[in-house]
């Protein structure tokens, strides 16, 4: 009899039940997508942020002057202190090698240039653009095109094995340098006679007033083979928390092992300082703080959307169940007059709600997986991974939302007086 009552309920109120399933499906699809994105967004957002700027800077221990990188004041090397370029591949050999997205070394000095018979003075900056590097059995390309995604070039990027260069946008405006011009730099003895301008560089930083060339060219002009003044590193990091800000020297062995194996910016910096001799590795804290703020705000927004969708689903289910029970009040009164107790009445409607929840939860999960993949492709250019456990979470959430939404209507059904209902007075 119980099964027949369920069957007749769905057969006679198919449209109303379909509306309830649709409401649950919509709520669960948003919930599935938000949970999936939240569990996968950390690394993807880090990757997205890291393509825009570096978050670590490596300088020699002997430093004295100030430098500004992206609006952040740091301390670079003094005149006599350098890092060996040949040591830089070791950065990709640290414990967090898979978190290191790339690095870019820099060597710079003020230089006199000759162009079209007139002399100009500007900073000459040497760096990697997209330099092939080998560390052990791993081959990779690294440079400013990897770690400084905000650098924009009108024209062509120079090749790292060439004598081509970029002219900063501000310098080009002031001096009339154009793409295709050739600058004389260095001395005749070193035979560094020409730098061919292949593009105009816009960074919004000091490089806008400089000539940027491959590192080997600047090393030769300055007579500093294998020398680097600073290195910026882009690494995937875990946002700082209270544990990350503790002093590693005061940690217990177990806590230090946990800290050193967690991809915090300071633990990655510590691992780099251990493989590069006589260097200081510092965070560009503004970048790290911005990353943490962005993650927190996006996570808060996703939580808000999830809560709003669940509340909307619960309200829709509540409205459907209230209309259903009012329509079936005489059926409830007849059941009670034949001896059915409140538990039997509640069990009937809760079972209906459970079936609706499971159906809507499964459909919502399927729709949410598709939505999560679309979000991943449109924002991050890659698919979002949906863990199987999300299905269990969504089904549980659907049951909770449906039961909460049905509680008021079911309690009203339990209070029906059979005599009053069957007389038609209610």
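Points worth noting:
- Breaking point among (1) farther than 26 Å from residue 410 by Cα; (2) at pLDDT below 85; (3) assigned to a helix (DSSP H, G or I), for residue 369: (2)
- For the stretch 127-134, the criterion of being surrounded by 16 or more Cβ atoms within 10 Å (Cβ to Cβ) and more than 30 Å from the chain's Cα centre (by Cα) is met by no residue.
- Restricting the stretch 373-397 to residues that are at pLDDT 85 or above and crowded, with 19+ Cβ neighbours inside 10 Å, the residue that is nearest to residue 29 (Cα to Cα) is 394.
- Residues that are in a strand (DSSP E or B) and touching a residue at least 60 places away in the same chain (Cβ under 8 Å) do not occur anywhere in the stretch 155-168.
- Residue within the stretch 226-249 that is in a strand (DSSP E or B), assigned by TED's automatic domain parsing to the domain that holds residue 99 and on the phi > 0 side of the Ramachandran plot present: no
- The condition of being at pLDDT 90 or above and in the same structural domain as residue 158 (by TED's automatic domain parsing) holds for only one of 101, 124, that being 124.
The values are calculated or read from the model by the stated rules, or taken from the named source; none is laboratory data. Keep in mind the model is a prediction, meaning the values are calculated, not measured. Counting neighbours? That spans all protein chains shown, and the Cβs are built from the backbone with ideal geometry, glycine included.
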